[in-house]
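**Student:** Dropping the structure in here first, questions after.
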Amino acid sequence: MIGWLLVLGCGVGEGGRNNNTRDLEAWYALTEGQAWTYRDDGEDADPDEAELLHARHVGDGEVELRRGARWTDGEVEGRLTWDDSDGLALVDWELGALTGSGDYPVLERDSSGGDEVGQGGWTCRIETLQEIETFYGVFREGVVAECTGVALTGTYAFGKDVGLVAFEGGGLRLDLVAPW
């Protein structure tokens, strides 16, 4: 089960800046070759290796997802394309019946808990210092974006130096099994 638990401590420090402000670039983890393994079956038991989704950043913000026991021989299942030039924005996606494109900000580079980002009919409320539980383990300093509107709505959860560790929305649930 994906857990979203608020960790203590959101106060205003010197200069009125929220102590909860973070440079969120460490949570994107969009370096070419970065890889993740997810499950999308909604179960808590050990996953069937043949049903795993292997994701890899193949360049230019594109993360390709393949289903199977290994990335190399897996069937292409979908993709997410991100733009991290000014924060993190979802610009294109194809996940089964969930498809679309546009410029949908998910995180700003410097954000505080409670901040909102978005444009037009799209809004993401950001919570920092979140504890995120995945099949892989618990991320003590996660960032969660609750996104609503005209794009791929749902809850995006990011682990520091790992990237997207969980997503739930549109009938889809991605849960990190391994950060490789």
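Every read-out reported here was derived from the displayed coordinates using simple, explicitly stated rules and does not represent laboratory data. Bear in mind the structure is a predicted one, so any value in this text is a computation, not a measurement. Cβ atoms come from the backbone with ideal geometry, glycine included; neighbour counts cover every protein chain shown.
**Student:** Output the relative contact order of the stretch 21-178, whole-number percent, from Cα pairs under 8 angstrom with separation of 6+ residues. Intermediate results must be reported in sequence, preceding the final value.
**Tutor:** On the way: 406 pairs, mean separation 33.4, N = 158.
Relative contact order for the stretch 21-178 comes out at 21 percent.
**Student:** Do you know the relative contact order of the stretch 78-125, to the nearest whole percent, from alpha carbon pairs under 8 angstrom that are 6+ apart?
**Tutor:** Working: 85 pairs, mean separation 13.0, N = 48.
Normalised by residue count, the contact order of the stretch 78-125 is 27 percent.
**Student:** Compute from the Cα atoms of the chain the Rg and the Dmax, the latter being the longest Cα-Cα distance, and quote both in angstrom.
**Tutor:** Cα-based Rg and Dmax for the chain come out at 15.8, 54 Å.
**Student:** Looking at the square roots a ≥ b ≥ c of the eigenvalues of the Cα gyration tensor of the stretch 109-180, which shape do they give, rounded for a/c under 1.5, prolate if a/b is larger than b/c, or oblate?
**Tutor:** Working: a/c = 2.47, a/b = 1.35, b/c = 1.82.
Here the stretch 109-180 falls in the oblate category.
**Student:** Extension gain residue 172-residue 150, at 0.36 nm per residue separation less the Cα-Cα distance, in nm?
**Tutor:** Values: separation 22, 0.36 × 22 = 7.92 nm, distance 1.63 nm.
Answer, rounded to one decimal: 6.3 nm.
**Student:** Okay, moving on. Can you give the local net charge around residue 146? Use residues other than it whose beta-carbon is closer than 13 angstrom to its beta-carbon, Lys and Arg +1, Asp and Glu -1. Display every interim value, and only then the final one.
**Tutor:** Values: positive: 125; negative: 115, 116, 127, 168.
Net of charged neighbours comes to -3.
**Student:** Additional query: Please list, in chain and number order, the residues 5+ apart from residue 106 or on another chain whose amide H is under 5 Å from its amide H, with Hs placed from the backbone.
**Tutor:** Those lying under 5 Å, H to H, from residue 106 are 88, 89, 90.
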